Ligand code: PGA
């Protein structure tokens, strides 16, 4: 039985003051069990969140990192630096990074291996564009991205990897992939992982859906056989939204 994982991706939202306001409201609420809960915040808010979320129900995540430990890489943040802050998860290969910041399958792979080597759990994003979706290339794209992200990742490390299937055309558009369709693609990704490793490893790996997940549709995704959680942008930005998503995810597993 895979523990569902609900991760909020704040993207480039929230100053430190806003992040502190969010956590003070969040920590005043009764936590919900049975769902792993992550907040992926901008780098600048990580120290404050690390302090306030310490010992809580909520794990901290970053949204990107460099693959080297240190070096002349102006503007970059290393796995060691994230680790030092108590970060547990790091989103890698988000479509916005692939699209706007030249992230490639090769750098996603380097980052995935670096994260694992430093005890960080990567949330590796894969997903097709609208054009690829319309051309019927979804499986081909997610298979390629998944395989290339996992080159050199050992079977024993797979337990710390989370995959997020996010069709690009569904991100921030309000156009979500139907739960059934998302489940089919996620089951296919699991099959790809079985081919790379074995069935038991594929059955154990957690695969999230992302793209316009909201409190009112999260349950429909998480009741699907192969969807193990959600990576949520917009709807995770308010405490009410975030906690409703978690409540929905928890209800889906009952
Ligand atoms: P969205 O973003 O929930 O706002 O569609 C999802 C994501 O980009 O991770």
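Values in this text are rule-based calculations from the coordinates and carry no lab data. As the structure is a prediction and not an experimental result, all values here were calculated from the model. Using ideal geometry, Cβ is built from the backbone for each residue, glycine included, and neighbour counts are taken over all protein chains shown.
For the range 181-254, the equivalent ellipsoid derived from the Cα gyration tensor has semi-axes of 25, 11, 10 Å, listed largest first.
For a footprinting-style exposure proxy, rank 207, 16, 189 by other Cβ within 10 Å, fewest first.
Placing the least packed residue first, the sequence is 16, 189, 207.
If I take R0 = 30 Å and measure r between the Cβ atoms of residue 51 and residue 102 in this structure, what FRET efficiency does the formula 1/(1 + (r/R0)^6) give, to the nearest 0.05? Calculated transfer efficiency: 0.35. In the range 104-197, Rg over Rh equals 0.98, where Rg is the alpha-carbon radius of gyration and Rh the Kirkwood radius from pairwise Cα distances. Relative to the current alpha-carbon distance between residue 32 and residue 12, full extension at 0.36 nm per residue lengthens the span by 4.5 nm. Over the chain, with a Gaussian network built from C-alpha contacts below 10 Å, which listed residue (20, 183, 109) shows the highest mean-square fluctuation? Greatest mean-square fluctuation among the candidates belongs to 20.
Counting beta carbons within 10 Å around each of 10, 169 and listing the fewest first gives the order 169, 10. Sorting 250, 56 by the number of Cβ atoms found within 10 Å of their own Cβ, with the fewest placed first, yields 56, 250. Across the range 1-138, the mean sequence separation of Cα contacts (distance under 8 Å, 6 or more residues apart), normalised by length, yields a relative contact order of 19 percent.
Normalised by 2.2 N^0.38 Å, where N is the number of residues, the alpha-carbon radius of gyration of the range 1-91 equals 1.12.
Okay, helix-only estimate at 222 nm for the chain: each DSSP H run of n ≥ 4 adds -39500 (n - 2.57), divide by all residues, round to 500 deg cm²/dmol; what do you get? Let's see the in-between values first.
Working: 11 runs with 105 residues, N = 254.
Counting only the DSSP helices, I get -12000 deg cm²/dmol.
Taking R0 as 45 Å, what's the FRET efficiency between residue 21 and residue 199 from their Cβ-Cβ distance, rounded to 0.05?
Details: r = 46 Å, r/R0 = 1.02.
That gives a FRET efficiency of 0.50.
Relative contact order, whole percent, for the chain stands at 20, derived from Cα pairs under 8 Å and 6 or more residues apart.
Using a ≥ b ≥ c from the Cα gyration tensor of the range 91-151 (square roots of the eigenvalues), is it rounded, prolate or oblate, where a/c under 1.5 gives rounded and otherwise the larger of a/b and b/c decides, a/b for prolate? Intermediate results must be reported in sequence, preceding the final value.
Values: a/c = 2.66, a/b = 1.86, b/c = 1.43.
Because a/c hits 1.5 or more and a/b exceeds b/c, the range 91-151 counts as prolate.
For the range 3-155, what percent of Cα pairs sit more than 27 Å apart? Show your work: numbers first, answer last.
Numbers: 3136 of 11628 pairs.
Value for the range 3-155: 27 percent of Cα pairs lie more than 27 Å apart.
Between 200, 230, 117, the GNM of the chain built on Cα springs shorter than 10 angstrom shows 200 fluctuating the most. Prolate is the label for the range 51-125, because the ratio a/c of its alpha-carbon gyration tensor axes (a ≥ b ≥ c) is 1.5 or higher and a/b is greater than b/c.
The residue 154 and residue 187 beta-carbon pair, evaluated with R₀ = 22 Å, returns a calculated FRET efficiency of approximately 0.40.
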